[in-house]
Structure formats: C-alpha cells, structure tokens
Amino acid sequence: MSGAATPDRRGEEHAIDLGAVDAPEDESPAPAAPPRRRLRFPNAAMAFAAVLLVLAAGVVAVVKWAPTGKLNAEDVVRNYLEAARAGDIESALSFTDQPHAIGDFLVPEALDTRWSVVEVGQIQYNDSAREGRVISQVYAEIEAFDGTRIGFRYLVGIEDGRAVIENALTAGEAYPAFDHLDVNGVTAQVDEALGITNIMLLPGVYEFYPDLPSTMELETEGSVLALGNRYIRLGEDRADEWLPIPWPTVSDEGEALIDATLRDYLDACVRQPDAAGCPFGFPRDDARTVEAAPGASWEITLYPEVGAQWWAYELLQGFVLVTTEPGEARIAVVVTEDGESRETVVSCPIWADGLFADLDFAGGASIARADGTTIERCNSLVELE
C-alpha cells in the first residue's frame, strides 16, 4: 500500500511501500506506484485573488487621482463661474463654502455678462490634514469682452462626497473718492467716519461710476475684471490683489463750471465781506488801522485762476482749490496812523486756497470752505492813491 505524497518542500516527492517487509525473498519487489501529483487549486486561487487585489488597488488609485476627484472639482469651479456669468447668485454661491454670503454687489443688477470662461483645469490634488478630506487646486481663466484676461487658483475641498470652493469670495475694504461707491449702477454708501466700505465681488466685469457726470472724468480706466481676489483694469496685462478703484478728475466742462461758481462765490463775498471763508478781511497791523471808507465796497477787478493740475479730491468735501494766478479786489479805505487819518484806495490779492469745489452727480457745483485753512484776509494791501 502506498502512502500519500508529502507536501511540496522544494524537493522530489517519494512513495514508500510498507508491504515490502512481508514479501518472499525470491519474489521480485513490486514496482513502486508512480507518485500522485497534488492539484494546487487552493494556491492558484490565492494567487489569482492576489492579482485581483492588486488590480483593485490600482483602480482605486486611478479613481482617486483621475475621474471622480478631478472632474468633480473642475465641474464645481466651472458651474460656479457659469452661474455667476448667468447672474444666478444663489446657484453660484451654492458651489462655495459661503452659500449665504450677502453684500451690496452680490445682486444680479451688479453683474455684467460681457465675459466668458476660457479655461478650467485641475493642477494639483492633495490629501489634507483631516482624515478623509482632500484639496484640489483648480486653475480658472476668464476673458472680458475687450480681450483682457485674468487667472486664479481656486481651492476645492472634497469631503463626504461633496466638493465646495473654499476661496471663492474675499471681502475687502474699498476707499472710494465719493460718499458712495457705484458699481455697474448699484450703489453702496461709504462710512463717512472711516471713508471706507466693504466690497465682495463675484467673477466678472465691473464698471465704477458708470453715471459719472460730464463735469468729471476718471483718471484711469473705469472698468475692471475680477476673479477670486485678483483684479485687473481692462486693457492692462497685470493683475493685483488691490482693487483699483479709479479716482475722479475735473473735465474741461467741470473746470469752466468751477470758474463760474467761484466767481459767484466771490461776488457774494463782496456783498458780505465778513462772511466765513471770504478773503476780504483787512490784515492786522499794530502801527495803523484800516477801515472801509463810508459807503465803500469791494470791487473785483480780476478773478483768480485755479489750475486743474493742482486739484485733488477730498472725501465729503470735493476738489481742493489751489491758486495759480491770484485775482485782485479794490476798495476805498480810511487809514489811521500816528493819530492822523487819510482816505485812499487799496488793492488786495485774491487767493482761492483752502476753498473746495464740490461737483455733484447732478452736474452742479458749489464752493465750500475748509475749516482752518481758508485765506480770509488780504495778506497784503497796496495803496493805489
């Protein structure tokens, strides 16, 4: 009787016939039974299962780095951009981690559709410090109607089967020149105490002060393209994190209006020379006194000129006036000196320094004084007679 083959141990298998002990001596030993080879189906099955596990692991790796994670993040960014372009605020915010964000310019009326999505693509995909959470970096680029482009890297957090943009909206402080900020026709008031307002913008084209009156101009391009926390003026090729709100200047029409308004202001000072902000006070002199002659009044012989190149805008006050050519006013006076009085005519230069011209959005203008800086006296008197 032959025994079973021993397990494979990297040597040959041997069969032992125990019945050979009792066999006759002259009897030839029975030929040994050929060894029976064991079928190794269990090992083969295990090997096959191992191959399947390796393949499965590879599939997991591919899924993690390619279709599901990548396309989800890209789709989220693209859907966010397209919703913003369509003016669907609620839908756009739903793709971000700020679905309930509010702001003066997070309204359909403040959105301009004259731009398009040029590119959206994942550029990086990493596990985050939190278990089960990954961060995808998605580059997006948009283009304004004039060809100006801007790009930004969005961070998309993926966790629990949901992906949201985590840096879609950034609130920043804006320092406008006027008491309000007008963006695409939507207005937000400025804090008068601080001179600022907070601003949060979705991607798109934004025009500042589109209804600026013809008396004023913007010193730079008035429209910007915004994406994330990056902004670029239309026509330029460099973006910045600083929102470039344009500053106003005076147009030729505004210059003529200020000249006419200043003349009216000085004419009113002639009628009431002691009024605050009027430049017709007599200078102080310890050696003599000067008073208007009985029945005399100031006469403006030359109005001052103010140069537009010197004008700057002060919040809530307007454009500060700086004199380039002083004017002149004359009046008959009585001069008392060393106990003796005499009547003469004196000339006083007229300066507009310290006055402000406020150009309103209705196309009008007014002159106001700046406390403590307005020239309210003649800095010199020249005797003419």
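Tell me whether the range 307-323 contains one or more residues that are farther than 30 Å from Thr170 by Cβ, surrounded by fewer than 16 Cβ atoms within 10 Å (Cβ to Cβ) and in contact (Cβ under 8 Å) with a residue 24 or more places away in the chain. Break it down into steps so the answer makes sense when it comes.
So the first thing to find is which residues in the range 307-323 are farther than 30 Å from Thr170 by Cβ, and the list is 307-311, 317-323.
Checking which are surrounded by fewer than 16 Cβ atoms within 10 Å (Cβ to Cβ) leaves us with 307-310, 317.
From what's left, in contact (Cβ under 8 Å) with a residue 24 or more places away in the chain: 308, 317.
Scanning the range 307-323, I find at least one residue that is farther than 30 Å from Thr170 by Cβ, surrounded by fewer than 16 Cβ atoms within 10 Å (Cβ to Cβ) and in contact (Cβ under 8 Å) with a residue 24 or more places away in the chain, so the answer is yes.
For the range 65-86, which residues satisfy the criterion of being open to solvent by less than 60 Å² (accessible area, probe 1.4 Å) and either in a helix (DSSP H, G or I) or modelled with pLDDT of 95 or more (or both)? Talk me through it step by step, then tell me what you get.
Kept after step one, since they are open to solvent by less than 60 Å² (accessible area, probe 1.4 Å), are these residues of the range 65-86: 66-67, 69, 72-74, 76-77, 80-81, 83-84.
Selection gives Pro67, Gly69, Asn72, Ala73, Glu74, Val76, Val77, Tyr80, Leu81, Ala83, Ala84.
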Query raised in the report: Restricting attention to the range 184-223, which residues are within 16 Å of Asp360 (Cβ to Cβ), assigned to a strand (DSSP E or B) and of a type in the set (S, T, N, Q)?
Result: Thr187, Gln189
Query - 1 or more residues open to solvent by less than 20 Å² (accessible area, probe 1.4 Å) and not aliphatic (A, V, I, L, M): qualifying strands (runs of 3 or more DSSP E) within the range 94-183 - result: 115-127, 133-144, 149-159, 180-183
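Output the residue which, of all residues in the range 188-209 that are open to solvent by 50 Å² or more (accessible area, probe 1.4 Å) and not polar (S, T, N, Q), is farthest from Ile89 (Cα to Cα). Steps first, answer last, please.
Pass one, the range 188-209, residues open to solvent by 50 Å² or more (accessible area, probe 1.4 Å): 189, 191-194, 198, 207.
Within this subset, residues satisfying the condition of being not polar (S, T, N, Q) are 191-194, 207.
Numbers: Asp191: 26, Glu192: 29, Ala193: 31, Leu194: 29, Glu207: 19 Å.
The residue in question is Ala193.
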Requested in this report: Check the range 281-290 and report whether any residue there is part of a loop (DSSP other than H, G, I, E, B), within 30 Å of Val334 (Cα to Cα) and touching a helix residue (DSSP H, G or I) at 6+ places or on another chain (Cβ under 6 Å).
Outcome: no
Query raised in the report: What is the one condition in (1) farther than 30 Å from Ala101 by Cβ; (2) out of contact with any Ser or Thr (no Cβ under 7 Å at 6 or more places or on another chain) that Tyr209 does not satisfy?
Result: (1)
Report summary line: Condition set more than 16 Å from Gly327 (Cα to Cα) and among the aliphatic types (A, V, I, L, M), scope the range 353-383, selection modelled with the lowest pLDDT: answer is Ala370
Query raised in the report: Residues of the range 329-378 being in contact with a strand residue (DSSP E or B) (Cβ under 6 Å, 6 or more places away or on another chain), open to solvent by less than 80 Å² (accessible area, probe 1.4 Å) and among the charged types (D, E, K, R), which ones?
Result: Glu337, Asp353, Asp358, Glu376
Query raised in the report: Would a scan of the range 347-360 turn up a residue that is among the aliphatic types (A, V, I, L, M) and touching a Lys or Arg at 6+ places or on another chain (Cβ under 7 Å)?
Result: yes
Query - Residues located in the range 236-268, provided they are open to solvent by less than 40 Å² (accessible area, probe 1.4 Å), at pLDDT below 95 and either among the polar types (S, T, N, Q) or farther than 22 Å from Ala177 by Cα (or both) - result: Ser251
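Counting only residues that are charged (D, E, K, R) and closer than 16 Å to Glu141 by Cβ, which one in the range 217-240 is nearest to the chain's Cα centre (by Cα)?
Just the residues of the range 217-240 that are charged (D, E, K, R), to begin with: 217, 219, 221, 230, 233, 236-238, 240.
The next check asks that each one be closer than 16 Å to Glu141 by Cβ; those that pass are 230, 236-238.
On the way: Arg230: 6, Glu236: 15, Asp237: 16, Arg238: 14 Å.
Taking the candidates together, the pick is Arg230.
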Query raised in the report: Just one of Ala260, Ala276 is more than 31 Å from the chain's Cα centre (by Cα), of a type in the set (A, V, I, L, M) and assigned to a helix (DSSP H, G or I); which is it?
Result: Ala260
Query raised in the report: Restricting attention to the range 272-295, does a residue exist that is free of Cβ contacts under 8 Å to residues at least 60 places away in the same chain and polar (S, T, N, Q)?
Result: yes
Query raised in the report: Of (1) modelled with pLDDT under 95; (2) under 26 Å from Gly235 (Cβ atoms); (3) in contact with a strand residue (DSSP E or B) (Cβ under 7 Å, 6 or more places away or on another chain), Glu159 satisfies all except one. Which?
Result: (2)
Query raised in the report: So which residues in the range 248-270 are farther than 11 Å from Ile367 by Cβ and of a type in the set (Val, Ile, Thr), if there are any at all?
Result: Thr249, Val250, Val270
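The values are calculated or read from the model by the stated rules, or taken from the named source; none is laboratory data. None of the values given here were measured: they were computed from a predicted structure. Here Cβ is always computed from backbone atoms with ideal geometry, including for glycine, and neighbour counts include all displayed protein chains. All accessible areas refer to the heavy atoms of the entire protein, side chains included, with ligands and DNA or RNA removed. Shrake-Rupley method; radii C 1.70, N 1.55, O 1.52, S 1.80 Å.
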